[in-house]
Amino acid sequence: MKNFKVFVFALLLSQPISRAHSSEFLGVHEYIERHGISDLFHASAVMQRCAGVLQAYAMFIPTSMRDQKVSLATMGVKSFQHAVALLNRNGQNNEDQNLKTVEQRIKYYKDIYLERIETDQANAGSVMEGKSGNDLTYCIKILQN
């Protein structure tokens, strides 16, 4: 019985933060089309989504692709830092609150992108096709500039 309780607890902890309404989620392209990026708040939201998609791919690709995993994770950190810096420049909230908000949102976006990557792979036969792959490519281009 004790092992069963431990198993159930571990199962609950392994669940994504959000089974959120991923059908309502705006990816990077969709978000920019709807809101643009001229406002610092919206530019930060794009960077948050980029950090989420980068983290999701870093988690999803096989461990044999170590260099790619490290590269994606590094770009994810860069995107995270940009997102926080943009909110701090916006001055709407204090720096600690901005950091906490961005951390929470990136976890949320990562979970949605992990779900989308799996769906894209099932539908298209490749993790690089579909909306998640397009967002990944777009975010890499943004961060390389």
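Miscellaneous remarks
- Test result for VAL77, among the β-branched types (Val, Ile, Thr), under 17 Å from the mean Cα position of the chain (by Cα) and either at pLDDT below 95 or surrounded by fewer than 16 Cβ atoms within 10 Å (Cβ to Cβ) (or both): yes
- Screening VAL127 with (1) free of Cβ contacts under 8 Å to residues at least 40 places away in the same chain; (2) surrounded by 15 or more Cβ atoms within 10 Å (Cβ to Cβ); (3) under 16 Å from VAL53 (Cβ atoms); (4) over 13 Å from the mean Cα position of the chain (by Cα) gives one miss only, at (1).
- Output for region 47-92, where each listed residue is out of contact with any Leu (no Cβ under 8 Å at 6 or more places or on another chain), outside any helix (DSSP H, G or I) and in contact (Cβ under 8 Å) with a residue 40 or more places away in the chain: GLN92
- Check on SER23, within 17 Å of the chain's Cα centre (by Cα) and either among the β-branched types (Val, Ile, Thr) or at pLDDT below 90 (or both): yes
- Any hit, region 93-101, residues being out of contact with any Pro (no Cβ under 7 Å at 6 or more places or on another chain), within 25 Å of GLY133 (Cα to Cα) and not polar (S, T, N, Q): no
The values are calculated or read from the model by the stated rules, or taken from the named source; none is laboratory data. Computed from a predicted structure; not experimentally measured. Reconstructed Cβ throughout: ideal geometry from the backbone, glycine too, with neighbour counts over all protein chains shown.
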